[in-house]
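Okay, structure first, notes after.
The values are calculated or read from the model by the stated rules, or taken from the named source; none is laboratory data. Values in this document were obtained by computation on a predicted structure and should not be read as measured data. Positions of Cβ are backbone-derived with ideal geometry, glycine not excepted, and every protein chain shown enters the neighbour counts. Areas reflect the complete protein model, heavy atoms only, side chains present, ligands, DNA and RNA absent. Shrake-Rupley method; radii C 1.70, N 1.55, O 1.52, S 1.80 Å.
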Amino acid sequence: MAKSKHNHLLDTIGDFILNAKKEQLVHLYTEGDFFDGRYIQIKGKKLYHFGTTGYLGLEQDQRLKDAAIDAIQRYGTQFPLSKTYISFVMYGELEESVQRIYRRPIVITKNSTLAHIGVIPTVVRDEDVLILDHQVHASVQNASQLLKPRGIPVQIIKHNDIGMLEDTIQQLRSKHQKIWYAADGVYSMYGDVVPLKELLPLMEKYHQLHLYIDDVHGMSWAGKHGAGYVMSQLGELRERIVLIGTLSKSFGASGGVVAFGDDQLYESYRIFGGPQTFSAQLEPSSVAAALASAKIHLSEEIYDLQRDLAEKINYCNQLIRESQLPLIQENVCPVHFIGTALPAVAYNFARRLMNDGFYMNVATFPVVPVKNTGIRFTISRHNQKEEIKKLVESMKYHYPKALEEEGYSMNQVRSAFKLPLINEKITLAKSSEDFLRVQLETSIQDVNPSEWNAILGERGAFNWNALAFYEKVFSGHENPHHNWKMIYLIIRDRQQKIVLATFFTVAWWKDDVLAPASVSEKIETARKSNPDYLTSRVLSMGALITDGEHLYLDKKHPYYHEALKLLSVEVESLKEKYQCSMVIIRDVDANDQDLNSIFHTQGYLKINLPEGTVIEPLAWTSTENYLQLLSPKSRSHVRKDVLKYQSYYEIVTKTHLDKNELKRAYELYKNVSNSNYAFNNIEFPFTLFSEMNEDPNWEFITFHLKSKYLKDGDNSMIGVSFNYKTKESYCGVILGMDYNYSKEYKVYKQILFEGIMRARALNKKRIYLGLTSAQEKRKYGAQIKERVGYLQTLDNYKLELIESMAGAK
């Protein structure tokens with residue numbers, strides 16, 4: 001199995017957060033010796049605080065503070081003992097009070113994250129299945145991973161997609177006893193809510209369906225006794241529902257709450273609930289503050305607090321309604337989200353607002369899709385109407401200026417969030433459009449051959465002739481997966497000097513092309529009945545058949561940053577035009593931090609790609625001379641695994657194969673294509689190979705095993721490579737093997753070695769050895785080029801679905 005470097009979502013997340021940190025918008029510290037909830041001080045500047053989740057402001061209530069202080073004075077800073085043995089004296093009263101709020105059995109936990117870690121593995125049994133809304137809180141998703149070692153399936157569906165949920169239930173109902181669906185009551189970014197009106201009839205229809213709902217952001221500001229948004233809709237907690245609440249956030253103290261609609265599940269978790277059994281309990285100060293808050297919740301005062309907050313939320317909604325700010329969803333809850341689409345716009349906008357005296361949160365990947373970045377702000381009782389008005393006025397002033405400076409438009413943002421478009425007067429900052437010009441062509445015939453070849457023609461199998469060849473081959477097929485649309489983009493300055501050049505293809509990709517082989521193997525099982533499963537129309541730099549540095553960029557040019565922004569604008573337009581769900585910028589130097597920063601702010605996720613492998617120069621005069629250029633270990637490897645077996649073969653280089661040879665060569669290619677899950681590509685059509693057979697720029701190296709080593713009736717051709725020749729380069733593009741012989745007779749290693757020798761015989765300056773298996777190719781003298789790509793997708797669903805399959809049993 002060919003090995004390749006694969007992507008882990010945590011690496012991508014870490015990279016994204018690091019970029020946001022460099023913008024000085026995350027991982028900040030507050031300052032000062034006093035905090036009242038209304039203001040926050042950062043880097044010496046006093047800001048209005050519109051980022052809290054303490055929506056009712058109870059964390060500043062004197063009664064809670066006094067209770068916490070008194071508890072510390074009487075009981076100390078902690079009660080260091082597991083609740084399995086004994087609970088702190090005030091715990092019983094707190095549990096009784098919170099149970100009165102929910103009117104169902106409850107368990108108090110250290111926090112909601114530990115609640116998920118304890119509850120999910122307890123209530124979801126081995127015969128059950130868990131379905132996750134793909135926007136359910138990360139703490140729920142992380143806890144669900146504990147089910148996988150037990151063989152419990154965990155599936156992901158699109159956000160609030162009840163139709164998809166029902167389809168999934170129907171597929172699973174005969175295989176599992178209980179079907180759990182996990183969602184948030186109030187989603188913490190956009191402030192949208194769980195669709196209970198659709199879910200409850202579904203529970204009536206399918207009695208296997210159980211709900212697991214995290215309602216920590218709905219707590220206190222809604223519901224009878226502040227029991228939360230979900231309870232405000234349900235009235236009472238029903239059987240087959242587990243509800244997670246909080247004693248933090250709006251409740252004003254610390255801790256988590258689990259409320260059970262089922263007495264048996266309650267007993268199971270209370271007796272043995274994972275970290276609930278072994279972890280330390282809440283500190284006396286937290287228990288006392290929570291008890292003081294519970295008393296407020298159980299009084300009529302809670303409704304005064306709720307009404308006060310609701311009035312401010314409605315006031316904010318009214319002000320935004322009178323503006324053109326792209327509020328993603330008008331909410332009854334305290335969470336609001338102004339879309340910016342690009343991280344660059346969000347960073348610009350957030351800095352402007354901070355400079356104007358307002359603190360809010362930048363919401364970016366992974367909590368939202370990368371192209372759905374925005375500013376999340378919350379309304380709390382600390383905020384006064386006058387500062388809410390100032391905030392909206394500041395946003396109205398700075399938002400269009402942030403768009404202008406980043407070369408983006410309001411309608412581009414609205415389009416990214418599927419909001420209605422508006423009549424818009426676009427004013428772009430004076431930059432790229434004044435100094436640079438874009439040439440966009442849909443055929444290489446409209447591009448100057450010598451100009452193209454001078455900048456990109458020796459970087460791989462994509463010189464002018466190769467691209468004309470691909471245009472011919474990948475068109476007019478009955479199967480849409482075999483049709484490509486090719487686009488050539490060249491950006492010049494006023495003197496017609498090329499600053500940037502590349503090409504793109506619009507083609508169907510398998511979404512798992514860069515996933516671990518184990519994931520692709522599972523997905524291919526599903527594709528036997530549904531060939532289009534997890535496939536997408538992708539706008540990709542380069543093509544699925546090409547390898548090399550596809551982006552020419554003159555980094556010495558004063559406007560190369562502007563050229564990259566223009567590239568992003570054109571790519572977005574092409575993505576919309578050809579209805580692509582994903583964009584991939586390919587084969588960028590992994591160590592180029594400048595490009596990483598630029599693509600990040602333009603809404604791209606950095607992903608690892610298989611390393612590039614090239615041997616250059618090809619300076620030896622004989623095989624022995626070549627071996628002397630290798631390390632002793634590599635030299636030994638070539639002698640033992642390649643030269644030793646050469647006598648078993650008849651190796652022939654051909655510019656043309658006869659009909660039977662071509663058919664056999666295609667069979668060998670399909671062997672590799674169907675088993676190379678490390679780079680799971682859509683299979684190329686036979687037309688590609690028949691056209692190669694007629695094109696003088698292609699040649700074949702065939703590997704025939706001598707008859708005495710063959711099994712009866714087997715074809716002697718057990719290996720083949722398909723190679724493209726440019727003026728200076730030799731490109732190993734595709735290969736095929738017979739796996740019945742590959743291990744015993746080292747077919748793959750023979751193909752590598754003969755390609756290298758052929759490149760030298762043709763006096764080429766370099767050989768490109770293709771994707772994957774970089775460490776094997778290193779043994780033959782290949783230089784390894786670490787490369788990354790940049791991905792832009794419409795939502796996180798497919799990314800998270802594929803990531804969830806990694807490690808699943």
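Any idea what the relative contact order of the stretch 224-360 is, in percent, if you count C-alpha pairs under 8 Å spaced at least 6 apart?
16
Is the stretch 30-131 best put as rounded, prolate or oblate by its Cα gyration tensor, with a ≥ b ≥ c the root eigenvalues, rounded for a/c under 1.5, and otherwise prolate when a/b is larger than b/c, oblate when not?
Oblate is the answer for the stretch 30-131, as a/c is 1.5 or above yet b/c matches or exceeds a/b.
Looking at the square roots a ≥ b ≥ c of the eigenvalues of the Cα gyration tensor of the stretch 637-698, which shape do they give, rounded for a/c under 1.5, prolate if a/b is larger than b/c, or oblate?
Since a/c reaches 1.5 but b/c is at least a/b, the shape of the stretch 637-698 is classed as oblate.
Magnitude of the Cβ-charge dipole of the stretch 264-415, K/R +1 and D/E -1, about the Cα centre, nearest 20 debye?
Roughly 300 debye for the stretch 264-415.
Can you give the charge dipole size of the chain about its Cα centre, rounded to the nearest 20 debye, using +1 on the beta carbon of Lys and Arg and -1 on the beta carbon of Asp and Glu?
The dipole magnitude comes to about 1740 debye.
Taking the Cα centre of the stretch 155-218 as origin and charging only Cβ (+1 Lys, Arg; -1 Asp, Glu), how large is the dipole, in debye to the nearest 20?
Roughly 320 debye for the stretch 155-218.
For a quick check of your reading of the filter: which GluC sites (Glu not before Pro) in the stretch 255-331 sit in a DSSP loop and have no more than 11 other Cβ atoms within 10 Å?
Filter output for the stretch 255-331: 300, 322.
Classify the chain: rounded, prolate or oblate, from the alpha-carbon gyration tensor (a ≥ b ≥ c, eigenvalue square roots; a/c under 1.5 rounded; otherwise prolate if a/b is larger than b/c)?
Note, shape of the chain comes out prolate.
Counting only protein heavy atoms and using a 1.4 Å probe, what share of the accessible area of the chain belongs to carbon plus sulfur, as a whole percent?
Carbon and sulfur: 48 percent of the exposed surface of the chain.
Which Cα, out of 484, 400, 505, lies furthest along the positive dipole direction of the stretch 391-509 (beta carbon charges, K/R +1, D/E -1)?
Value computed over the given set: 400.
In whole percent, what relative contact order does the stretch 293-382 give with Cα contacts below 8 Å and a gap of six or more residues?
29
Select from the stretch 236-344 those chymotrypsin sites (Phe, Trp or Tyr not before Pro) which occupy a DSSP coil region and have at most 14 other Cβ atoms within 10 Å, ordered by residue number.
Answer in residue order: 272.
Along the charge dipole of the stretch 666-779, which of 686, 722, 748 sits closest to the positive end, that is, farthest toward it, with unit charges on the beta carbon of Lys, Arg, Asp and Glu (+1, +1, -1, -1)?
In the stretch 666-779, that residue is 748.
How about residue 83: which lysines have a C-alpha closer than 16 Å to its C-alpha, ignoring those fewer than 8 places off in the same chain?
110
How much accessible area per residue does the chain have, in Å², with a 1.4 Å probe?
42
Please figure out what share of the DSSP beta bridges in the chain is antiparallel and state it in percent, rounded to the nearest 5.
75
Among 368, 309, 328, flag the residue with its Cα farthest along the positive direction of the charge dipole of the stretch 307-368, charges on Cβ as +1 for Lys/Arg and -1 for Asp/Glu.
My answer, from the dipole projection, is 368.
Which GluC sites (Glu not before Pro) from the stretch 96-174 combine a DSSP loop assignment with at most 16 other Cβ atoms within 10 Å?
127
Take peptides 471-477, 252-258 and line them up by average Cβ neighbours within 10 Å, highest first, as a rough protection proxy.
252-258, 471-477
Quick one: go through the stretch 463-494 and flag any residue whose amide nitrogen is under 12 Å from the point 7 Å out along the Cα-to-Cβ line of residue 446.
Residues 486-490 fall inside that zone.
Can you give me the relative contact order of the chain as a percent, contacts being Cα pairs under 8 Å and 6 or more apart?
Value for the chain: 14 percent.
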